[in-house]
């Protein structure tokens, strides 16, 4: 795909994002969203599921009733083929009801990522993941109790390809581009599993897949009880792999059995699975940085500890 078309796809994604909450939003959406647009996953996925059928005040389109001063700060954009990846931070004040959480007037600064597919100048698919665990932490709020007392734990994520299989397939392609080389490096790392510590091979780890759980565990002396030791049969599947310039983005699913202590959480024996993403940044042939972002609230719901991060 030509560079011009990639830049046009980025422009479509950014126009959609920047119009949210403005008077131009309805007109922009009619223009950039395809009639068959599929919002495969929303950012507030678990909080919305917990609020379903509870009669709580809706937070509004793009949470604007809950967070009226919301500003999304774009941190990174990449594109390859029909795919566009966005990483942004949501800066806002919680002044309206938010999926059962009454206004706290607290300031928020949380990450969200988007993986979009653009065809013929229109978005046909959107997949979003917000740092919901971090959001609850910043609000100082527990997951609101449902009238039926249930906790809505997510199903194990489906889809994706084994990174070793993908590595073998891509390695057979005849290309010498830096993007291709960097993809192979990332797939090799994913075949070995999530990074549990900083590594010269995989660059400096600037954010971990389960960042908040790692921070809590480090405070409590359990920082070494990371994913690979807690879930020995952990499997990684790659759903989306994008490379542009010196960055590679991978959207993945992780699944396994919670056999050993995980960052201070006693083993449950449960089968768990969650989505996450990796951004790898290179300088020439050297891997300089590894930034990860995982669905911690989904994992905590599966093991029955959604409020764990709210301890004093």
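The values are calculated or read from the model by the stated rules, or taken from the named source; none is laboratory data. Computed from a predicted structure; not experimentally measured. Ideal geometry is used to build each Cβ from the backbone, glycine not excepted, and the neighbour counts take in all protein chains shown.
Here are the numbers:
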| item | result |
| --- | --- |
| Subset of segment 286-312 that is in a loop (DSSP other than H, G, I, E, B) and crowded, with 23+ Cβ neighbours inside 10 Å - its residue that is farthest from the chain's Cα centre (by Cα) | 306 |
| Test: residue in segment 270-285 that is assigned to a helix (DSSP H, G or I) and at pLDDT 95 or above | no |
| Residues being crowded, with 21+ Cβ neighbours inside 10 Å and over 17 Å from the mean Cα position of the chain (by Cα) - total across segment 109-130 | 2 |
| Yes/no for residue 28 being part of a strand (DSSP E or B), surrounded by 15 or more Cβ atoms within 10 Å (Cβ to Cβ), assigned by TED's automatic domain parsing to the domain that holds residue 134 and touching a helix residue (DSSP H, G or I) at 6+ places or on another chain (Cβ under 9 Å) | no |
| Selection status of residue 192, at pLDDT below 95 and either closer than 27 Å to residue 271 by Cα or surrounded by 16 or more Cβ atoms within 10 Å (Cβ to Cβ) (or both) | yes |
| Any hit, segment 246-253, residues being part of a strand (DSSP E or B), touching a helix residue (DSSP H, G or I) at 6+ places or on another chain (Cβ under 6 Å), under 22 Å from residue 135 (Cα atoms) and not assigned by TED's automatic domain parsing to the domain that holds residue 128 | no |
| Criterion (in a helix (DSSP H, G or I) and under 20 Å from the mean Cα position of the chain (by Cα)) met by exactly one of 228, 237, 204 | 228 |
| Some residue of segment 3-14 being in contact with a helix residue (DSSP H, G or I) (Cβ under 9 Å, 6 or more places away or on another chain), over 29 Å from residue 152 (Cα atoms) and in the same structural domain as residue 127 (by TED's automatic domain parsing) | yes |
